[in-house]
1. For Lys84, list the aspartates and glutamates whose Cα falls under 19 Å from its own Cα; do not include residues on the same chain fewer than 8 positions away.
2. Over segment 144-246, what number does the Rg to Rh ratio reach, with both radii from the alpha-carbon atoms and Rh per Kirkwood?
3. If Lys and Arg each add +1 and Asp and Glu each add -1, what is the summed charge of the other residues whose beta carbon sits under 15 Å from the beta carbon of Asp127?
4. Over the Cα atoms of segment 205-246, compute the convex hull volume and normalise it per residue, giving Å³.
5. What lysines could a cross-link reach from Lys168, if we take a straight Cα to Cα line under 26 Å and drop same-chain neighbours fewer than 8 places away?
6. Using modelled backbone amide H atoms (1.01 Å from N, in-plane), which distant-in-sequence or interchain residues come within less than 5 Å of Gln209's amide H?
Amino acid sequence: MAGGSQIASAGRHFFAANMGVSGMASRRRGALGSRLVAFVLLVASGCGSSQPAADVSQADWAKSHDAASSAPAQPTIEVIDTAKLNPLGDPLAALDDGRLTIAPPADWVLGPRNKDRLAMFQLEPDDAYPSIMLTVSEVQDAVSLSAENVAAFVAELQSQLEAEMAAKKFTLAEPVKGLQIGDFLGVQYMRTAVAKGTRLERCFLETVQAGRRYQLEMRTRAGSLHRFRPYLYAVAAGMKFGPAAP
C-alpha cells in the first residue's frame, strides 16, 4: 500500500469467514478450529500499530448497486454542519500522483515524513497528540463510495473489524457508520489504544474514490477527542479528488 498499512487479502478473509466446524465435530476439534481462525486473522492483520487490517479491497460492497434485496438496509448517514467547522490552512501540493488535494487545519504543522502515510498534521510540533494521519490503499475495479453502496460498505467493514477484534482482543468505542461532511461521503468509527503508556482515542474516517481507499485517522489523548474531532471533519470536508496526473 502506497502510504498505508498492509490490509489482509480476500482469500484470508473468506478462509476465516468459512472456518466453522460442523455440529457433528467434537469439542476438541472445534476449539482447535477456533484457535486456527484467530491465528490466521492475527497473521493477516500484522503486528504493527497502524490501522487497519479490515479488508474491503475486493469491492464486494460495490456490487450491490442494482441488487437491493442483497444489500443491507440503508443506514442513517450522519450529516455534519460544515459551517461550524474549524478553518483550514494552505493546501499541500497534490498527493497520490495528483489524485488528492488536502489542507491541514489552520495553525497546525506538518508531522514527520513516513513511507507508510501520505501526510501527517499535528497541533504542536513537539507533541504527537492530537494528530491527523492520511493513508491510502487500492480497491479493485476503480469503484467509488456512493449513496447507493455506502450501506454495503458499512456492513462489510463492520463485519471485518469484528473479525479483527476477535483475534486481537480490542473493541470499537463507536461502530462503523455513514458520514457526510460537505462533499465528503464516507464512514466513521472509533477505537481506543495505549501507546507507550498513554491512553489514546483513535477516530477513523474512510472514503473510496476511483479505486483508492483514503483513510484519515485522528489520535488524541483519552478524553479529548470531542474537542479535536471538528478539526478532523474540517480536513475531510476540504479533500478534493481528481484523476491521476498524466
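1. Those aspartates and glutamates meeting the cut-off are Asp107, Asp183.
2. Numbers: Rg = 14.6 Å, Rh = 14.7 Å.
Using only Cα positions, Rg/Rh for segment 144-246 is 0.99.
3. Values: positive: Lys196, Arg219, Arg221, Arg227; negative: Asp107, Glu124, Asp126.
Residues close to Asp127 contribute a combined charge of +1.
4. Working: hull volume 3.1 nm³, N = 42.
It is 74 Å³ per residue.
5. Excluding near neighbours in sequence, the set is Lys115, Lys177, Lys196.
6. Leu145, Tyr214
Any read-out appearing in this document is the output of simple, stated calculations on the displayed coordinates, not a laboratory observation. Remember, it's a predicted structure, so these values are computed and weren't measured experimentally. Positions of Cβ are generated from backbone atoms using ideal geometry, with glycine treated the same way; all protein chains shown enter the neighbour counts.
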